[in-house]
Ligand SMILES: Cc1cc2nc3c(=O)[nH]c(=O)nc-3n(C[C@H](O)[C@H](O)[C@H](O)COP(=O)(O)OP(=O)(O)OC[C@H]3O[C@@H](n4cnc5c(N)ncnc54)[C@H](O)[C@@H]3O)c2cc1C
């Protein structure tokens, strides 16, 4: 059963016109027939380079071979052995930089659409109402473990520990659970119902979830340890936005992407029925080239503004954003201005942003990581008008937990330092992972840390009992 087509089965997608004003999901998912056809493009090669390229080594040929035979439940079971949240990864992972990049099919055409198939398998299973059967039951009777933060890393660690019958409680600063998956990634990429189903897997496993609890303020790490928690996993992410430190950042109409996206995703600022609206945005310029910049631009577009432009200092090929999101943004008529970097935001007499001063850039060598560096082409300064600026140039670890935990060591960038294994910190019984340790990264790397933390915690506690 080999399908020799050189191109992927295309993903059914809401038209750009239809999605211009809606936050409904853009990609609609494969049907059974399409999924089987696409699965048959997998050559089940012996070397399995896709598995080596997956940070959590999902048995990709294994689950795809189940789809080929119509055993969709079996496909999901294979994925679940390595990935507790395929419904999320199938939607947001950068497959083109990982599993699909390694696919042997790329030698002669497009890679197998692994992400679309992962999404299909998980979705089929979710909709079959047999979810709790795969999720399984827990009997929380072992040590009490606290998990700080309910992003993908905390959710994974909590779920894996609950499967081993630890008594797990998640403490989350915000009122909703999911971390960036709920406050950052817009619903048109990751619908709320999908995330709710993922969170429900934790509830089915008796994980306790406490919201509106800011660790380091409401209660400290030491107080948690003294109140009966035997270990703590810190997965508090990297939610502190970076700024450009240029003139005019304090002007009205200049947002950081975190605030802009949180207002939309958590406070319904795009709806006039709620009382935290965003003011009229007009022409918007988003600064940055990652997923955050693309999400902010696409949200701005949906708010019915004027032109939305992404300004990025490097070229298109260097954009860290997922390829499909860049393509969707182009279809949605978002403009791109490459090789430009802002120098100053200029306001009107009322302190409202009116234009941006920028310089043109050109490639010049590479930085330590091998990534292309840029320098100004000349001293010439250009201007572009703007009614709103959204800054999306990265984020870093919030210092609250390290500051309130004196013996928790951090590296020079403020990220929590790992002292042994993958997740053990300088403080006994305190583990850390995800963006809080790696810096702003990916959902799959956060899941990987969560799995490793659960393994190390359970090993350390088995050694004690
Ligand atoms: C807009 C946006 C789009 C993205 N798109 C993608 C994508 O398409 N694909 C991809 O792979 N990655 C994407 N990423 C990156 C990815 O979402 C993150 O790498 C991932 O969510 C990190 O997971 P985490 O669990 O470590 O932290 P987070 O998801 O940041 O979760 C941390 C949680 O901890 C909570 N917290 C923080 N401090 C405290 C405290 N003191 N007490 C209690 N709780 C606390 C926070 O409120 C948050 O809920 C995106 C990021 C953003 C911002």
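The values are calculated or read from the model by the stated rules, or taken from the named source; none is laboratory data. Since the model is a prediction, treat every value here as computed from it, not as a measurement. So basically every Cβ, Gly included, is an ideal-geometry build from the backbone, and we count neighbours across all protein chains shown.
Summary table
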read-out	value
Hits in region 434-447 (condition: more than 7 Å from the ligand (Cβ to nearest atom) and either under 11 Å from residue 233 (Cβ atoms) or not in a loop (DSSP other than H, G, I, E, B) (or both))	437, 438, 447
Residue tally, condition part of a loop (DSSP other than H, G, I, E, B) and either closer than 30 Å to residue 171 by Cβ or within 11 Å of the ligand (Cβ to nearest atom) (or both), over region 240-261	2
Residue list for region 41-51, restricted to those being crowded, with 19+ Cβ neighbours inside 10 Å and not in a helix (DSSP H, G or I)	41, 42
Residue under evaluation residue 153, criteria (1) modelled with pLDDT under 95; (2) out of contact with any strand residue (DSSP E or B) (no Cβ under 7 Å at 6 or more places or on another chain); (3) in the same structural domain as residue 225 (by TED's automatic domain parsing), criterion not met	(1)
Failed condition for residue 418, given (1) over 30 Å from residue 307 (Cβ atoms); (2) not in a loop (DSSP other than H, G, I, E, B)	(2)
Residue match in region 400-407 (condition: within 14 Å of the ligand (Cβ to nearest atom), farther than 28 Å from residue 259 by Cα and without any contact (Cβ under 8 Å) to a residue 40 or more places away in the chain)	no
Residue count for region 387-415, restricted to those that are more than 15 Å from residue 153 (Cβ to Cβ) and in a loop (DSSP other than H, G, I, E, B)	14
Residue ID - farthest from the chain's Cα centre (by Cα), chosen from residues in region 52-65 that are in contact (Cβ under 8 Å) with a residue 24 or more places away in the chain and either surrounded by fewer than 20 Cβ atoms within 10 Å (Cβ to Cβ) or more than 20 Å from residue 124 (Cβ to Cβ) (or both)	65
Unique residue being closer than 28 Å to residue 451 by Cβ, crowded, with 22+ Cβ neighbours inside 10 Å and not assigned by TED's automatic domain parsing to the domain that holds residue 414 when the list is 261, 266	261
Residues of region 364-402 satisfying the condition of being in the same structural domain as residue 438 (by TED's automatic domain parsing) and more than 28 Å from residue 434 (Cβ to Cβ)	none
Number of positions in region 4-19 that are outside any helix (DSSP H, G or I) and surrounded by fewer than 13 Cβ atoms within 10 Å (Cβ to Cβ)	6
Which listed residue is under 18 Å from the mean Cα position of the chain (by Cα) and surrounded by 24 or more Cβ atoms within 10 Å (Cβ to Cβ), from 27, 118, 38, 96	118
Matching entry among 337, 332 (being over 22 Å from the mean Cα position of the chain (by Cα) and either closer than 21 Å to residue 441 by Cα or assigned by TED's automatic domain parsing to the domain that holds residue 254 (or both))	337
